[in-house]
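What follows is calculated from the coordinates using simple rules that are stated; it is not laboratory data. Not measured: the values here are computed from a predicted model. Here the Cβ positions follow ideal geometry from the backbone for every residue, glycine too, while neighbour counts run over all protein chains shown.
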Amino acid sequence: MTYRFLEHTADALVECEAGAYPGILKAAADALYAVALAEHGVGVEVERRVEVTGESREDLLVRWLQELLFLLETDHFVASEFAFDDAGDGAVSARLQGYTCPPEARAAEVKSATYHELSVRETADGFVARFILDV
Amino acid sequence: MAELRQIDETTWEIPRTGAMRVSGRIIANEKLLEPIRRDKAADQVSNVACLPGIVGHAWAMPDAHWGYGFPIGGVAATDPADGGVVSPGGVGYDINCGCRLMATRLRFDDIRPRVRDAIVGLYRDIPCGVGSEGAIPRLNEKNINAVLSKGAPWAVSDGYGTRADLDAIEDGGCIPGGDPDAVSNRAKERGRNQLGTLGSGNHFVELGVVEHIADDSLAKIFGLAQGFVTLMVHSGSRGLGYQVCDDSLQTMLRAVQHYGIQLPDRQLCCAPVDSPEGGHYLAAMAAAANYAFANRQIIIELARRSLEHTLRLSPRDLGAYLVYDVCHNIAKLEEHDVDGVRKRLCVHRKGATRAFPGSRAEVPRQYRASGQPVLVPGDMGTGSYVFAGTDEAMAKTFGSCCHGAGRVMSRTAARKARQGGDLARELAERGIVVMARSKKTLAEEAPAAYKDIDAVADVVTRAGIGRPVARIRPIGVIKG
């Protein structure tokens with residue numbers, strides 16, 4: 001399960017690889033936090049639940065990231081541990097453990113995850129996803 | 001990549017092919033066109049040309065670069081009477097991101113030794129950076145609804161600035177039809193603590209000095225004089241606007257299925273302007289735009305107070321007055337001539353500034369003889385331009401001009417090329433005091449990450465979409 005940043009003139013173009021779809025969601029979350037935070041901590045003292053629905057794996061990926069971003073912006077919540085009860089077939093349901101992030105630990109403002117050049121592909125080794133974060 | 005064909009000194013055409021309903025046009029010169037050829041901005045112009053009801057051409061300004069949905073620097077107008085659509089991707093997440101310029105009676109030579117003090121004061125007094133909270137208390141439901149429906153006039157009624165400021169803001173600082181009920185609770189939640197905050201990324205407050213006047217008579221009308229200090233603010237609708245865009249995209253993704261609209265990019269999802277979905281988006285967008293107007297109104301007043309306090313000046317001595325405030329991420333219903341026929345169009349400006357001549361009723365009375373001020377900030381180490389709107393912009397680009405220099409280097413590449421601390425030192429050696437919350441952001445915003453603003457300004461002038469008025473050199477910058 002990995003992510004890497006590809007060249008984009010203004011924003012953050014991310015490519016994730018994982019053996020299974022939940023791994024893509026976890027890698028995408030890590031990439032989001034890599035952009036948004038100066039340093040990703042390891043605290044697990046706060047718990048949140050995320051549930052999103054969507055018509056496709058691509059939809060679910062964007063809505064998952066938007067939900068994590070909403071929690072970061074309004075609750076200052078950063079997830080460290082992810083337990084997926086459901087991931088795919090039109091819904092993602094996950095229990096997140098994490099911590100409250102102080103303002104000084106933030107590095108950049110991510111406005112949203114976008115639909116431009118969004119893709120989730122099945123490969124021989126699992127899944128590859130691409131998405132753009134507007135920063 | 002889309003085929004490009006030069007049709008005059010500053011215009012390249014993307015011929016209509018495939019699903020394109022009109023041709024695309026890019027205003028540039030050979031050098032500015034290079035990065036547009038390298039990234040996907042030209043392809044995005046072709047995609048925009050596929051929008052239902054688009055008229056004229058899909059345009060890219062000289063600062064254009066790859067964005068999402070529309071290119072940054074993109075302009076497109078649709079005709080509601082012909083099924084024309086409104087697309088949140090043609091406005092962007094930071095609804096009514098924009099610039100405002102304040103002039104002062106301060107001569108740079110008189111405050112030169114105190115510029116650092118002034119920047120330290122601005123950095124202290126204007127909330128900036130990611131996660132920063134506003135200078136005013138958390139907004140309750142009544143107040144946030146008032147901000148969304150009233151915009152900058154709400155901020156003035158709350159003690160931030162004067163009524164005279166409102167005469168120098170696009171739409172008087174309030175887009176009619178802003179409906180708080182069209183804005184979700186999630187969006188309001190993201191906006192409650194952020195009114196009066198600058199944000200991060202490319203947002204800034206910049207002290208500058210007018211170093212060159214290109215047109216004496218226009219500069220006099222704008223109140224700009226060589227050697228005098230200015231202050232520019234670049235900010236938008238913060239998290240509230242981002243959430244309004246998120247929410248509207250979900251609606252529009254359903255709308256394209258409902259209306260059978262075929263698009264090459266899902267980020268361009270849209271609905272007919274005169275449909276319930278289109279009307280709902282325009283009401284929510286106007287509300288978010290009003291939040292942005294109020295935000296910039298509060299920031300400029302905080303800046304005024306900060307300069308008076310730090311430099312120990314009376315309001316009269318500072319002599320601060322607003323030159324203008326422009327939106328550069330917005331969709332507006334405007335009347336334009338299309339093939340000799342007057343039409344009501346929905347004009348999307350995504351990273352583009354309105355550039356109306358003085359003949360337009362939308363232009364404030366004080367600028368009827370000159371055309372509206374067009375504010376074009378460059379990078380923090382080079383300079384910014386002030387133009388005046390023109391008849392030629394009306395004829396060519398639906399009264400639109402560029403919004404800045406435009407990025408040419410990715411954020412990753414800019415960070416690799418620079419370390420924030422080194423950059424601050426280098427700018428200080430050039431007489432520019434920079435304070436930033438994040439060294440990462442500072443490195444990403446390095447001057448080398450942007451196109452040459454002088455080249456962009458030259459193309460704007462040659463293309464006739466703006467008349468040059470003044471060039472402003474930065475002397476101090478605060479960034480998030």
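The table below lists the values:
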| item | result |
| --- | --- |
| Whole-Hz ³J(HN,Hα) from phi, Karplus 6.51 cos²θ - 1.76 cosθ + 1.60, for segment B:381-390, glycine and proline x | x, 10, x, 10, 10, 10, 10, 10, x, 9 |
| Amide proton proximity set for B:Ile475, modelled H, under 5 Å, gap of 5+ | B:Leu207, B:Gly208, B:Val209 |
| Interchain or long-range residues, amide H under 5 Å from B:Thr11's placed H | B:Ala28 |
| Stretchable slack from B:Asp117 to B:Ser184, in nm (0.36 nm times residue separation minus alpha-carbon distance) | 20.0 nm |
| Net charge over other residues, Cβ less than 9 angstrom from the Cβ of B:Gly406 (K, R count +1; D, E count -1) | +1 |
| Calculated from backbone phi, Karplus (6.51, -1.76, 1.60) coupling profile of segment B:451-465 in Hz, x at Gly/Pro | 5, 6, 4, 5, 5, 4, 5, 5, 5, 4, 5, 5, 6, x, 8 |
| ³J(HN,Hα) computed for each position of segment B:74-87 - Karplus, 6.51 cos²θ - 1.76 cosθ + 1.60, integer Hz, glycine/proline x | x, 9, 8, 10, 10, 9, x, 6, 10, x, x, 10, 10, 10 |
| Charge tally in the Cβ shell below 15 Å around B:Gly278, where Lys, Arg are +1 and Asp, Glu are -1, B:Gly278 excluded | -3 |
| Residues of segment B:325-365 with amide N under 20 Å of the 7 Å Cα→Cβ point at B:Arg16 | B:336-348 |
| Proximal charge balance of B:Ala446 [Cβ under 12 Å; K/R count +1, D/E count -1] | +3 |
| Antiparallel bridge percentage (DSSP; both residues within the protein assembly as shown; nearest 5) | 95 percent |
| Most mobile listed residue (A:Thr53, A:Thr123, A:Thr114) in chain A, GNM with C-alpha springs under 10 Å | A:Thr123 |
| Set of lysines with alpha-carbon distance to B:Lys396 below 16 Å, sequence-local pairs under 8 removed | B:Lys343 |
| Reachable aspartates and glutamates from B:Lys439, criterion Cα separation under 17 angstrom, eight or more residues apart if same chain | A:Glu39, A:Glu104, A:Glu109, B:Asp379, B:Asp422, B:Glu426 |
| Cβ-based charge dipole, the protein assembly as shown, positive-most Cα from B:Val459, A:Leu133, B:Val183 | B:Val459 |
| Sum of -39500 (n - 2.57) over DSSP H runs of 4+, divided by residues of chain B (222 nm, nearest 500) | -10000 deg cm²/dmol |
| Residues A:Leu6 and A:His76, FRET efficiency given R0 of 30 Å [Cβ-Cβ distance, rounded to 0.05] | 0.55 |
| Peptide-level mean, for A:111-123, of C-beta atoms on other protein chains within 10 Å | 5 |
| Burial ordering of B:His348, B:His234, B:His280, fewest other beta-carbon atoms within 10 Å first | B:His280, B:His234, B:His348 |
| For a label point 7 Å along the Cα-to-beta-carbon line of B:Lys142, residues of segment B:184-219 with backbone N under 19 Å | B:189, B:192-193 |
| Least to most buried among B:Ser275, A:Ser93, B:Ser314 (fewest other Cβ within 10 Å first) | B:Ser314, A:Ser93, B:Ser275 |
| Spatially proximal lysines relative to B:Lys440 (Cα-Cα < 28 Å; intrachain offsets below 8 disregarded) | A:Lys26, A:Lys111, B:Lys40, B:Lys350, B:Lys416, B:Lys451, B:Lys479 |
| For B:Arg25, distant residues with modelled amide H under 5 Å away | B:Ile14, B:Ala58, B:Trp59, B:Ala60 |
